[in-house]
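Scroll down for the structure; my scribbles are underneath it.
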Amino acid sequence: MQAVILAAGESSRFWPLNTKHKSLIKIMGKPLIWYTIDGLKKAGIKEVIIVQGPEKDIESELSNCQLDIDIKYVVQSESKGMGDGLLFTEDLIKKEFFVLNPYHFEDVLKYGIEKMTEKFEAKGGVILLGKNTDNPWNYGVLKLNEDT
């Protein structure tokens, strides 16, 4: 399987903590996105496509990291949302793929990929992973029915 990491946003709400994309803030000497990619690798993902902004700061930063996984980069020239960013990967998608943000790595990768793969193999189609939160206004809201 492939994974698409959407990391082209302006990170304007993250200033002044980081002058680059928020996924490049370092934790224990490595950018946050490194942990996401490492987790994908541990989950058996072989190819990652990263959608980045025109500054190409993610590509530049990750060129200094040993990741041992196939990474392809695309540039979303203007911030027009996640759906638009995903369209830039169209020519690189070859098979089933995961779409994720660069900074929600632990819970998604530890539990989500295995469960989503099992569900996909059983039912096919589109699978959306959600998480309970006390702050849904910061993310989004899923309305579930009993078949979900």
Residues of the stretch 79-99 being of a type outside the set (Phe, Trp, Tyr) and touching a residue at least 12 places away in the same chain (Cβ under 8 Å), which ones? 79, 82, 85, 86, 89, 92, 93, 94, 95, 96, 99
Counting only residues that are loosely packed, with under 14 Cβ neighbours inside 10 Å and among the charged types (D, E, K, R), give me the strands (runs of 3 or more DSSP E) lying completely in the stretch 1-94 with at least 1 of them. 70-75
Of residues in the stretch 95-105 being of a type in the set (Phe, Trp, Tyr) and in a loop (DSSP other than H, G, I, E, B), the one most open to solvent (accessible area, probe 1.4 Å): 103
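The values are calculated or read from the model by the stated rules, or taken from the named source; none is laboratory data. This structure is a prediction, so every number in the text was calculated from the model and none was measured. Here Cβ is always computed from backbone atoms with ideal geometry, including for glycine, and neighbour counts include all displayed protein chains. Note: accessible area is taken over every heavy atom of the protein model, side chains too, but ligands, DNA and RNA are not part of it. Shrake-Rupley method; radii C 1.70, N 1.55, O 1.52, S 1.80 Å.
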